[in-house]
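> Sharing a structure with you now.
The values are calculated or read from the model by the stated rules, or taken from the named source; none is laboratory data. Worth saying up front: this structure is predicted, and the values here are computed from it rather than measured. Cβ: placed from backbone, ideal geometry, glycine included. Neighbour counts: every protein chain shown.
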Amino acid sequence: MRKIIPVLLILIFLSGCKGKKETSVVKVTFWHAMGGPLGRALDNLINDFNTMQDSIKIVSIGMGNYNALSQKIMASILARKTPTIAQVYESWTTSLYKAHVLVPADSFIKKDTLFQKELPDFYNVFIRDNTFDSQLVTIPFNKSVMAYFYNVEMFKAKGIKRFPKTYDELRDVLIKLTSDRTKGTAFGVTVGMFEQLLYAFGGELLDKDRKPVFNSEAGRKALQYLKDLLYKYKVAHLTTGYQHQDEFLSGMVALVEGSSVSYAFMKRNNPDFTIGMAPVPEGEKKAVFIMGTNIAIFERAGEKEKKAAWQFIKWFTSPKIQAEWALKTGYVPVRKSSLKIKEVQERFKEVPGLREVWKQLSYARTEPVYPQWYIGRKLLSQVGLEPPLRGGMDVKESLDRAAKEVKRIMEQE
C-alpha cells in the first residue's frame, strides 16, 4: 500500500495539471469562406499560430462560400451565438456596425501603442476600406488587386516589347495579336472591368448623395470601349465564369484580365509558355480596384476571446506572415514592408510584372460600401452592361435605364 498510494497521488496531480492547462487555452472561432488551395494555406498558417504558443487556439471553420458565410453570420446574430471573428465584406460591415454587433478594431488599437506605430505601414487604401464613421472597424484580410496576364512568347513573336500602358495602346496591341487562330483577349460581362474604365476616363459610380452617375459621358465611353473590342475591332469575345482563363492557358487568347490571385491558379496548370503580369492600363488617369474581405471581431464574444483574437490578427497582419500569405495564395500583402522581405524580392525576379502589379496599391480604389450597392451592382451588370455587350441595346439607352433602377435601390433602407 505504501508504494501504491504515492503513485496514485502523482497520477491525480498530473491529471489535475493537464486539465488546468486545457481549460486555460482560449478558443477563438474563426468563420471564413476559404476553400481549396487557399483554404489549405490559411489552415497551415493557423496551425503555425496554434503551435507557436499554448494559450490561444484558433478554431478554423470554413463555410464553403461567401453566400453561406453571410447567411450563417446573420443567423448567428439572431440566435445570439456569433463567432469570435469572421471574414466580412465592406457592405456587410456597414450593416453589422450599425447594428452594434461588432467591436471596432480601434478599441484595441487605442490600448496598443506598438500597433499604433505600425499602422502607417499598412497601405492607405486598406485603412480607408476598413474605416467607418472615422473608426477603424475591421482589419484587411484576403485582399487582391486587378492585373493583366499575358503570353510573353506571343508578345515577342509579334515584336511587342512591353505591355501597353494606356487603353488606346491596349486596343492597338489586341489588334496586332488577333489572327485567324487567336483572339487578342476574352472577358465576361463584369462590373469590375467597366468601373475601372469608368474611373480611368474620369467618371464615378455614385455621387456623394449615393445617386448613380455611371451613365455619364465617361460611362458611355467606357462601355463603348468594351463593345468596340467585341464588334468593331473583333479582337475579343465574351465568356462566362473562368472560361477566359482556360482559353488563355490553352493559347486561344493572348491576354486576359483577372485578380492577382489568378496567377497562382493558372501556374498550377503548368502552361507551356511564360505568364507575364502587368498593371491595369490607364486612361485620363490611373484607376484600379481592390477586392477581398476583412476580419471582424464580434461583440458577443467573451473578453478573453476578443483579446486572443486581436493577438491572432496582429500576428496574421505582421510583415513576415503577410509576405508568406501573399506568396502562397496570390493575395497582396497589406503591409508595405512585406515587399522588402527576401522571399518576396526573389518572387519579383521570377514573375515578370508582379512588382508593378503590387505597386498599384498606392493609388487603388474601393467600391461603394453601402449594403444597397450589393443589389445595385447586379443591376448595373444585368440591365446596364449585358444588353450592349451581347450586341443589342445602345450604350446610352442601356446605362440610363440601369441608372434609374440602381437609383431606386440606393434610395431604399
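> Taking region 31-56 on its own, how many of its residues are buried (at least 17 other Cβ atoms within 10 Å of the Cβ) and either of a type in the set (K, R) or under 18 Å from the mean Cα position of the chain (by Cα) (or both)?
The qualifying residues number 7.
> Right, here's the next one. For K285, are the conditions met, namely being surrounded by fewer than 19 Cβ atoms within 10 Å (Cβ to Cβ) and in contact (Cβ under 8 Å) with a residue 12 or more places away in the chain? First the steps, then the outcome.
Working: surrounded by fewer than 19 Cβ atoms within 10 Å (Cβ to Cβ): yes; in contact (Cβ under 8 Å) with a residue 12 or more places away in the chain: yes.
Spelling it out, K285 is indeed surrounded by fewer than 19 Cβ atoms within 10 Å (Cβ to Cβ) and in contact (Cβ under 8 Å) with a residue 12 or more places away in the chain.
> Answer with yes or no whether K227 is basic (K, R) and under 14 Å from V189 (Cβ atoms).
Values: basic (K, R): yes; under 14 Å from V189 (Cβ atoms): yes.
Yes: the conditions hold for K227.
> Give just the number: which of (1) crowded, with 16+ Cβ neighbours inside 10 Å; (2) in contact (Cβ under 8 Å) with a residue 40 or more places away in the chain does P104 not satisfy?
It fails just one condition, (2).
> Filter region 42-65 for residues that are without any contact (Cβ under 8 Å) to a residue 60 or more places away in the chain and in a strand (DSSP E or B); which is nearest to T293 (Cα to Cα)?
G62
> Go through region 113-151 and give me each residue that's in a helix (DSSP H, G or I), farther than 18 Å from V280 by Cβ and β-branched (V, I, T).
Within region 113-151, T113, I127 meet the criteria.
> Run down L198, L230, L205 and say which single residue is touching a residue at least 12 places away in the same chain (Cβ under 8 Å), over 21 Å from E356 (Cβ atoms) and in contact with a Pro (Cβ under 7 Å, 6 or more places away or on another chain).
Details: L198 fails: in contact with a Pro (Cβ under 7 Å, 6 or more places away or on another chain); L230 fails: in contact with a Pro (Cβ under 7 Å, 6 or more places away or on another chain).
Criteria check complete, one pass: L205.
> Of the numbered conditions (1) at pLDDT below 95; (2) assigned to a strand (DSSP E or B), E257 fails exactly one; give the number of that condition.
Going through (1) at pLDDT below 95; (2) assigned to a strand (DSSP E or B) one by one, E257 breaks only (1).
> Same structure again: Go through region 321-343 and give me each residue that's assigned to a helix (DSSP H, G or I), of a type in the set (S, T, Y) and farther than 16 Å from L119 by Cα. Steps first, please.
From region 321-343, those assigned to a helix (DSSP H, G or I) are 321-329, 336-340, 342-343; that's our starting set.
Retained after the next criterion (residues that are of a type in the set (S, T, Y)): 329, 337-338.
Hit for region 321-343 is T329, nothing else.
> Now a separate question. Of the residues F115, F149, which single one is more than 22 Å from Q87 (Cα to Cα) and touching a residue at least 40 places away in the same chain (Cβ under 8 Å)?
Result of the check over F115, F149: F149.
A quick yes/no check of all residues on (1) modelled with pLDDT of 95 or more; (2) of a type outside the set (G, A, S); (3) in a helix (DSSP H, G or I):
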site	(1), (2), (3)
F265	no, yes, yes
N270	no, yes, no
N294	yes, yes, no
Q311	yes, yes, yes
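> Which one of these is farther than 28 Å from E90 by Cα and in contact with a Lys or Arg (Cβ under 8 Å, 6 or more places away or on another chain): L389, L399? First the steps, then the outcome.
Values: L399 fails: farther than 28 Å from E90 by Cα.
Only one candidate passes the filter, namely L389.
> Quick one: is K176 in a helix (DSSP H, G or I), surrounded by fewer than 19 Cβ atoms within 10 Å (Cβ to Cβ) and at pLDDT 95 or above? Break it down into steps so the answer makes sense when it comes.
Numbers: in a helix (DSSP H, G or I): yes; surrounded by fewer than 19 Cβ atoms within 10 Å (Cβ to Cβ): yes; at pLDDT 95 or above: yes.
Against the criterion (in a helix (DSSP H, G or I), surrounded by fewer than 19 Cβ atoms within 10 Å (Cβ to Cβ) and at pLDDT 95 or above), K176 qualifies.
Residues checked against (1) touching a residue at least 24 places away in the same chain (Cβ under 8 Å); (2) loosely packed, with under 15 Cβ neighbours inside 10 Å; (3) at positive phi; (4) not β-branched (V, I, T):
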position	(1), (2), (3), (4)
Y363	yes, yes, no, yes
P368	yes, no, no, yes
P371	yes, no, no, yes
G376	yes, no, no, yes
L385	yes, no, no, yes
G392	no, yes, no, yes
L399	yes, no, no, yes
M410	yes, no, no, yes
